[in-house]
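Trainee: If you scroll down you'll find the structure; I have some questions about it.
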Amino acid sequence: MAYAEPTLIRAGTAVSHEWGDEASGFVQDEVLVSSALLHSIIFTLPVGGSFVHSRANPTIFGADVVYIVLGGRLLLADPEHGQLVVAASGDALFFRRDTWHDGFNRGEEPVRVLELFAPTPAAGASSAYARAQPYLEHARYGDDAIIGHWPEAATAAAEVRRIHLATGAQRSLRLEGDVLWSIIASTEHLHAASGELVRGGAGPRRQYGGDAILHLTSGSVLAVTDRGSSTVEHSLGPGDSLVVPRGYSLTLGGEVDTAASFILGVAPTYDEHGVPT
């Protein structure tokens, strides 16, 4: 699902896809974009639901991955090292390539998660890559090495941690115009951040170094995309997403009567030169 020009995807209108098998469990996906540069979906786990690795669907990829919890409470495990992390609504999780990961909903409401993924399935970084890796035969959902040695073993456990939790306090802040960005992860493959825009505020015109997606979580925002003489305004409400292909610029403006919160994903780099201007 790739787009040649900026495309607005209204809440609830994304293409549906079911991932999984009987052994792994099934996950319902809403595919927002899956281009050569950026893959982004929203997936849902029902109460008591889970996804785990199976031989048909091993959960290890050749990509950087960010999960932002939109609602509910996600328990994510690295079953190779026995690490478990809990992310509540608004929290984010980040892990790099070659990280096994299994997910569980142990809360009292469905979990909805926005996923950002790069390099992409089109680049061979997902299923084809996963099935070529040695299979993880034995899953561990807890670190046995810390039993009898906690909390003094905390430093050693942190050294092998593969999944990183990014709450609001654990993100790097950046102010661009009236947009306050909270950076979740920024690597050579993927840039992910949450943003806030005050009522009536505006951000600078920005051309990113790849494909971008903007997902609105609350409020409303006017997003202007342009390329040469082509300028289009897009009005986004909660749950809407805007895909901005490489080569287009994006300017954010706040509505007069409401503030806005959103998520931005860009792959591979934040701007054409790899760093912000």
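Trainee: For the range 15-79 and the range 144-196, what is the separation of their Cα centres, given in Å?
Mentor: One Cα centre to the other: 20 Å.
Trainee: Decide, for the chain, between rounded, prolate and oblate: order the square roots of the alpha carbon gyration tensor eigenvalues as a ≥ b ≥ c, take rounded if a/c falls under 1.5, and otherwise choose prolate if a/b is larger than b/c, else oblate.
Mentor: prolate
Trainee: List, in order, the whole-Hz ³J(HN,Hα) value for each residue of the range 153-163 obtained from phi through the Karplus relation with A = 6.51, B = -1.76, C = 1.60 and θ = phi - 60°; use x for Gly and Pro.
Mentor: Going residue by residue, I get 8, 4, 5, 5, 5, 5, 5, 9, 5, 10, 9 Hz, with x marking Gly and Pro.
Trainee: How much net charge surrounds R199 when only the other residues with a Cβ under 13 Å from the Cβ of R199 are counted, with Lys and Arg +1 and Asp and Glu -1?
Mentor: -4
Trainee: Let me ask something additional. With a sphere of radius 15 Å drawn around the Cβ of A185, what net charge do the other residues whose Cβ falls strictly inside it have (Lys, Arg +1; Asp, Glu -1)?
Mentor: Neighbour charge sum, excluding A185 itself: +2.
Trainee: Moving on to the next point. Quick one: compute the contact order of the chain, relative version, from alpha carbon pairs under 8 angstrom and 6+ residues apart, as a percent.
Mentor: 19 percent
Trainee: For L76, L173, L37, give me the order by solvent-accessible area with a 1.4 Å probe, most accessible first, ignoring ligands, DNA and RNA.
Mentor: Listed by decreasing accessible area, they come as L173, L37, L76.
Trainee: Using only DSSP helix segments of four residues or longer, with each worth -39500 (n - 2.57), what per-residue ellipticity at 222 nm results for the chain after dividing by its residue count and rounding to 500?
Mentor: Mean residue ellipticity, 222 nm, calculated: -1000 deg cm²/dmol.
Trainee: While we're on this one: Which whole-Hz ³J(HN,Hα) couplings does the range 57-62 yield from phi under the Karplus relation 6.51 cos²θ - 1.76 cosθ + 1.60, θ = phi - 60°, glycine and proline marked x?
Mentor: 9, x, 9, 9, 10, x
Trainee: Quick one: ranking S249, S16 by accessible area, 1.4 Å probe, largest first, what do you get?
Mentor: Descending accessible area places them as S16, S249.
Trainee: Mind checking which of V15, V66, V33 has the largest fluctuation in a GNM of the chain, springs on alpha carbons under 10 Å?
Mentor: Maximum fluctuation in the GNM of the chain, among the listed residues, is at V15.
Trainee: Of all accessible surface on the chain at a 1.4 Å probe, what whole percent is carbon and sulfur?
Mentor: Answer for the chain: carbon and sulfur cover 53 percent of the accessible area.
Trainee: Then there is this: Would you mind working out the accessible area per residue for the chain, using a 1.4 Å probe, and quoting it in Å²?
Mentor: 44 Å²
Trainee: Can you list the residues, at least 5 places off or on another chain, whose amide H is less than 5 Å from the amide H of Y3, using H built in the peptide plane?
Mentor: So Y3 has HN proximity to no qualifying residue.
Trainee: May I pose another question? Tell me whether the range 87-181 comes out rounded, prolate or oblate; compute the Cα gyration tensor, take square roots of the eigenvalues as a ≥ b ≥ c, and use a/c under 1.5 as the rounded threshold.
Mentor: Here the range 87-181 falls in the oblate category.
Trainee: Would you mind counting up the charge near D91? Only other residues with Cβ under 12 Å from its Cβ, with Lys and Arg at +1 and Asp and Glu at -1.
Mentor: +2
Trainee: Can you list the residues, at least 5 places off or on another chain, whose amide H is less than 5 Å from the amide H of G49, using H built in the peptide plane?
Mentor: When sequence neighbours closer than 5 places are left aside, the close amide H contacts are N105.
Trainee: Additional query: Kindly report, to the nearest 10 Å², the accessible surface of T231 as traced by a 1.4 Å probe over protein heavy atoms only.
Mentor: About 90 Å², rounded to the nearest 10.
Trainee: Another question about this same structure. If ligands, DNA and RNA are left out, what is the accessible area of S220 with a 1.4 Å probe, given in Å² to the nearest 10?
Mentor: The accessible area of S220 comes to roughly 30 Å².
Trainee: So for the pair A139, A169, with labels modelled 7 Å out along Cα→Cβ, what separation do we get in nm?
Mentor: Simple spin-label model gives 3.1 nm for this pair.
Trainee: With a 1.4 Å probe and all protein chains kept in place, how much accessible area does H191 have, in Å² rounded to the nearest 10?
Mentor: 10 Å²
The values are calculated or read from the model by the stated rules, or taken from the named source; none is laboratory data. Worth saying up front: this structure is predicted, and the values here are computed from it rather than measured. Every residue, glycine among them, receives a Cβ derived from its backbone with ideal geometry; neighbour counts consider all protein chains shown. Only protein heavy atoms, including side chains, enter the accessible area calculation; ligands, DNA and RNA are left aside. Shrake-Rupley method; radii C 1.70, N 1.55, O 1.52, S 1.80 Å.
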